[in-house]
């Protein structure tokens with residue numbers, strides 16, 4: 001921590017080129033999302049954004065200059081010279097393991113982007129290494145911090161929904177990856193995490209998938225059973241468009257009411273049992289913060305830095321990433337075997 005009481009934060013992952021609007025040409029790609037890390041940490045008054053680490057010296061130096069910080073191409077050199085209070089990692093989805101392990105073994109608190117990794121053995125090693133060192137290890141499931149999701153969580157916590165009967169998640173857009181199960185592991189991990197966040201642990205899964213458009217199993221459907229006894233479904237695809245209205249929808253039906261989340265940040269609705277007259281939330285005219293999807297990350301960082309300062313566990317620990325991968329792995333095995341798979345943990 002600096003003498004001014006600021007937390008020193010370093011970013012690993014310099015981000016890519018933009019389209020003139022502060023975003024990369026792809027939606028929510030690691031390159032564009034890395035810019036969100038840089039935006040947040042460079043503008044918070046309680047943070048000393050001390051470094052950006054990238055592979056290309058020229059690009060990294062240019063990005064560091066843009067955000068008023070220092071550039072490095074070596075993680076170990078940056079850690080030694082800067083000794084940050086937090087290392088934030090935003091790397092290509094299939095390149096998380098080696099760098100994450102290096103930061104953990106160096107003993108530095110860290111935040112990683114989802115997914116945790118693509119392989120359960122690697123996930124086990126990361127968690128074990130972090131636990132041995134008592135390292136603050138967070139993952140960015142930022143969807144949890146959208147206003148409609150928080151309203152849903154509070155309604156469930158206060159018993160307004162009653163006992164859950166079923167939950168559905170649908171999310172479709174564009175995507176490209178060399179991994180055959182990229183959509184499930186790197187994107188629908190948000191769905192697995194949110195369903196468990198709102199509905200409790202998933203006990204078992206059955207899966208159908210299709211590769212009819214090529215490039216792996218880009219569209220999938222999961223049938224879920226929760227430990228509470230409720231059932232659920234998850235439908236995800238990379239063969240749709242994020243431009244479509246209501247590309248994301250979550251519905252939770254209980255014995256006392258129904259909740260619907262539209263497009264993560266757009267709208268929340270609640271109807272009591274048998275009541276045609278419900279209640280809804282949408283961001284007001286001047287409420288740009290709550291209607292902006294990217295600001296869900298700001299909300300997460302606010303809670304994360306508070307926990308780090310107070311010596312508490314992160315608001316979303318890396319084990320949530322492990323859970324998402326565990327369910328995804330069960331879904332893959334279910335599709336391959338044509339059978340229902342119980343979740344082992």
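Computed from the coordinates by the stated procedures, all read-outs in this text should not be read as laboratory data. For clarity, every value in this text was computed on a predicted model and none was experimentally measured. Every residue, glycine among them, receives a Cβ derived from its backbone with ideal geometry; neighbour counts consider all protein chains shown.
Which of rounded, prolate or oblate describes the chain when judged by the alpha-carbon gyration tensor and an a/c cut-off of 1.5? It is prolate, given that a/c is not under 1.5 and a/b is the larger ratio. With each label modelled as a point 7 angstrom along the Cα→C-beta vector, the residue 213-residue 134 pair spans 4.9 nm. Which angle between 0 and 90 degrees, to the nearest 10, do you get for helix 120-133 versus the longest principal axis of the chain when only C-alpha atoms count? The helix 120-133 is inclined about 60 degrees to the chain. Rounded, prolate or oblate: which one fits the stretch 276-319, using the alpha carbon gyration tensor with axes a ≥ b ≥ c (rounded when a/c is under 1.5, else prolate when a/b beats b/c, else oblate)? Since a/c reaches 1.5 and a/b is larger than b/c, the shape of the stretch 276-319 is classed as prolate.
Using a cutoff of 8 angstrom between alpha carbon atoms and counting only pairs six or more residues apart, the relative contact order for the chain works out to 16 percent.
What list do you get for 202, 156 if you sort them by fewest beta carbons within 10 Å? Could the numbers behind the result be given before it?
Working: 202 25, 156 20.
Going from least to most buried by this count: 156, 202.
Compared with the dominant principal axis of the Cα atoms in the chain, helix 295-309 is inclined by about 60°. Taking a ≥ b ≥ c as the square roots of the eigenvalues of the Cα gyration tensor of the stretch 168-283, is the shape rounded (a/c under 1.5), prolate (a/b larger than b/c) or oblate? The shape class here is oblate. Between the helical axis of 147-157 and the dominant principal axis of the chain, each derived from Cα atoms, what acute angle in degrees is found, rounded to the nearest 10? Helix 147-157 sits at roughly 60 degrees to that axis. Taking other C-beta atoms within 10 Å as the exposure proxy, 88, 177 rank 177, 88 from fewest upward.
Going by neighbour counts of Cβ atoms within 10 Å, the residues 85, 246 line up, fewest first, as 246, 85.
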